[in-house]
Amino acid sequence: MIAASLTEVGLTTVDARGERRRVLSGISLHVSVGEVVAVVGPSGAGKSSVLSCLAGLDQCSEGRVEIVGVDPWTLNASERADLRVGNVALLLQGDDLLPSLTVKENVELIHRLRRERPPASVIDGALDDMGLLPRSQALPEGLSGGERRRVALARVAVQPPRLTLLDEPTDGLDHRSASRVVDMIMRRAHAGAGVVVVTHDHAVASRADRVVFLAGGLVRRELVNPSPTELEALFS
């Protein structure tokens, strides 16, 4: 079963000056259950746009997007949101925490939206994995940037294994916290999630099954189980 796919996708956006800009050109990317795909490349390459298309947040100007076999753009806005909440665990570059909720309540948020009550052991386990259990009753305003990022990652971790899209998950984290994130990514893949991670972190990319190098909105290179030498060449 394909978790998600982009087939010959192109994306054109309009910038603040009203000028049209080609962001992606003819991108094809498929991720299967249990697979980790790392998307790497220079700033402005279109990496985050790939995640937005895969999540059904941005509509591509051409091509086709599928999430568990469904094209989100054949649905209305409410159905599209339901498809995303039911099948996509998403981490964007902003932490997206609700300021009035505690750390623990923010981690439970997706379950609340789905009117589910997750086992306390699942929530506490994710908080503990991210080193946040002592901060579970704190509000976001009292957290450091790294702590806020880890709360958002814990929220991803408690969602059932499914399509998991992560934008620079280790950005701003210390080595220990970044290692926890890599462990979380691998656990989700082993549990059956398809994972696409945009990263500039060599340690994250080195654990991926495939590494896709993007530049100028195009896939310039794709490596399967890359060697350390091949990765060094991509990151140099």
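Laid out as a table, the results:
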| quantity | calculated |
| --- | --- |
| Local net charge near residue 57, Cβ-Cβ under 13 Å (Lys/Arg +1, Asp/Glu -1) | -1 |
| Centroid-to-centroid separation of segment 122-150 and segment 158-236 [C-alpha atoms, Å] | 23 Å |
| Approximate spin-label separation residue 105-residue 187, in nm, with each point projected 7 Å along Cα-to-Cβ | 2.5 nm |
| Charge context of residue 101, other residues only, Cβ under 14 angstrom, K/R +1, D/E -1 | 0 |
| Segment 91-236 pair-distance distribution - Cα-Cα, 10 Å bins, rounded % | 11, 40, 32, 14, 3 |
| For segment 48-164, projected area of the alpha-carbon convex hull averaged over all directions, nm² | 7.7 nm² |
| Footprinting exposure proxy for 47, 104 (fewest neighbouring C-beta atoms within 10 Å first) | 104, 47 |
| For 195, 224, order by how many other beta-carbon atoms lie within 10 Å, fewest first | 224, 195 |
| Ranked packing of 48-57, 198-207, most packed first, by mean Cβ within 10 Å | 48-57, 198-207 |
| Ranking of 174, 124 by count of other Cβ atoms within 10 Å, fewest first | 174, 124 |
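Every read-out reported here was derived from the displayed coordinates using simple, explicitly stated rules and does not represent laboratory data. The shown structure was predicted, so the numbers you read here are calculated from the model rather than taken from an experiment. Neighbour counts are summed over all protein chains in view; Cβ atoms, including those assigned to glycine, are modelled from backbone coordinates with ideal geometry.
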